[in-house]
Amino acid sequence: MPIYEFKCNQCNTQFEQLCRLDWQGTVACPACGSKDLAKALSAFCSPGSGGGKSCAGCAGGNCGSCH
């Protein structure tokens, strides 16, 4: 099951939730209990060819500038 990031449309709380692919209507905000949620964009890092983090997309060109 993937971890999704959500933003509550009622109280603006952002949270992560481990849930099924068909999560709609089953996840509630931990702060206010609302099910009026929007899936938020998630930031992630993937392994680069050198076995470390890939920072080719960073403005500074290295992980020190974005982490």
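The values are calculated or read from the model by the stated rules, or taken from the named source; none is laboratory data. Everything numeric in this text was worked out from a predicted model, so none of it was measured. Heads up, the Cβs are rebuilt from the backbone with ideal geometry, glycines too, and the neighbour counts pull from every protein chain shown.
For the stretch 10-25, name all the residues that are modelled with pLDDT of 85 or more and over 16 Å from the mean Cα position of the chain (by Cα). The answer is 10, 11. Taken together, the criteria place residue 34 among residues that are hydroxyl-bearing (Ser, Thr, Tyr), in a loop (DSSP other than H, G, I, E, B), at pLDDT 85 or above and touching a strand residue (DSSP E or B) at 6+ places or on another chain (Cβ under 6 Å).
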